[in-house]
1. Could you tell me which numbered condition residue 221 fails, if it satisfies all but one of (1) at pLDDT 95 or above; (2) more than 22 Å from residue 39 (Cβ to Cβ); (3) surrounded by 14 or more Cβ atoms within 10 Å (Cβ to Cβ)?
2. Here are the criteria: (1) out of contact with any strand residue (DSSP E or B) (no Cβ under 9 Å at 6 or more places or on another chain); (2) over 15 Å from residue 49 (Cβ atoms); (3) surrounded by fewer than 23 Cβ atoms within 10 Å (Cβ to Cβ); (4) modelled with pLDDT of 95 or more. Tell me which single one residue 404 does not satisfy.
3. Do we have any residue at all in the stretch 322-340 that's over 22 Å from the mean Cα position of the chain (by Cα), surrounded by 16 or more Cβ atoms within 10 Å (Cβ to Cβ), modelled with pLDDT of 95 or more and assigned to a loop (DSSP other than H, G, I, E, B)?
4. Considering only residues that are out of contact with any strand residue (DSSP E or B) (no Cβ under 7 Å at 6 or more places or on another chain) and more than 24 Å from residue 195 (Cβ to Cβ), which ones fall in the stretch 291-310?
5. What's the number of the condition residue 357 fails, among (1) surrounded by fewer than 20 Cβ atoms within 10 Å (Cβ to Cβ); (2) assigned to a strand (DSSP E or B)?
6. Just checking: which of the strands (runs of 3 or more DSSP E) contained wholly in the stretch 204-301 hold 2 or more residues that are free of Cβ contacts under 8 Å to residues at least 24 places away in the same chain and out of contact with any helix residue (DSSP H, G or I) (no Cβ under 8 Å at 6 or more places or on another chain)?
7. Would you check if residue 139 is at pLDDT below 90 and either in contact with a strand residue (DSSP E or B) (Cβ under 8 Å, 6 or more places away or on another chain) or farther than 19 Å from residue 301 by Cα (or both)?
């Protein structure tokens, strides 16, 4: 806390200086920069972790800048973080808008924006060869918060990604499943977000919020309807294909009340829950063996592998989580600096933290196409809940393919949502 207060004093003293002057005046580990536009370039591959972490925060701030009215994906630079309205990334096209029934052309980018509908509750299942019948038992399963409500997920893409998909007709599952050379251009950004239902006991002022229609489920996790809910953002993956990084750069953020921070005490990492904070996914009384465990008892029903709640549990039973890999000290320093920046004090962004920035250390090494992911592990507790000890965004996405396709899809799982034309399946041949 003292460190954060010191950073606040430094930041307040420099608040009247231009952003560039502040960047030069602060030590590199404490420098902050608020800009409505994302950084024009990424750090050099051999740059330090704190430089990549500041890059992630600059992306995060630009993407959470208020968007221009009726101009999807464009910031309104006359406004400031915390002003009312959609943020830039909230105006990106969701997978429901990109991949229409029947593999239809989704049309121009700047279409009117409607209310969001969230129905995804098992994000890991989407990363397998079929949305229907191939769920990885090690990672699959829903996530129920401590209030007994499911965590919902949404995936969206910026205009550069959308234009590439539309120009190549990759919204059509028949087309994209045969594409042997999927290669997104530089400048593409994909967003994966996780949301929880906010109730009367939650402090909504600590969350980026939205009203959305969400799927409802019975006590066995079977979908049974739709309702409107008030949601708070709990996790955000920002995935950007920056120039010089064919393996992309992976930035993951969380709301600070997901699980408590940790401190190194006597050589052991110890939870440090804040007094009076009700953590969304943490239960101090939960047995250690129950933490970070998939809720699923996998059963074969017909031709499908189905997640059924484990004996003694239901779809409303909370799944207690804890962070396996503590946030690195250097990342915590960058978090403290940005969260203390005077320009964010009117914004809920001060209640979010960067978990890590993963990138390739050697992006151009022909002998190592993956580029050596650095750091080697990257996990958001709301998205990689049950695989944290081995989670690597880059390793996982390097295996991405469209549904029933042998071809890689350039680190993107977007094409798992593509539909075949009406009356056909992607197995049909022309």
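1. (1)
2. Just one mismatch for residue 404, condition (4).
3. Yes; the residues of the stretch 322-340 include at least one that is over 22 Å from the mean Cα position of the chain (by Cα), surrounded by 16 or more Cβ atoms within 10 Å (Cβ to Cβ), modelled with pLDDT of 95 or more and assigned to a loop (DSSP other than H, G, I, E, B).
4. Passing the criteria: 300, 301, 302, 303, 304.
5. Against the list (1) surrounded by fewer than 20 Cβ atoms within 10 Å (Cβ to Cβ); (2) assigned to a strand (DSSP E or B), residue 357 comes up short only on (1).
6. 223-240, 262-265, 268-271, 296-301
7. In short, yes.
The rows are residues; the columns are (1) farther than 30 Å from residue 349 by Cα; (2) surrounded by 14 or more Cβ atoms within 10 Å (Cβ to Cβ).
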site	(1), (2)
264	no, no
281	no, yes
284	no, no
303	yes, no
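The values are calculated or read from the model by the stated rules, or taken from the named source; none is laboratory data. Nothing here was measured: the structure is a model prediction, and the numbers come from that model. Note that we place each Cβ from the backbone using ideal geometry, even for glycine, and neighbour counts take in every protein chain shown.
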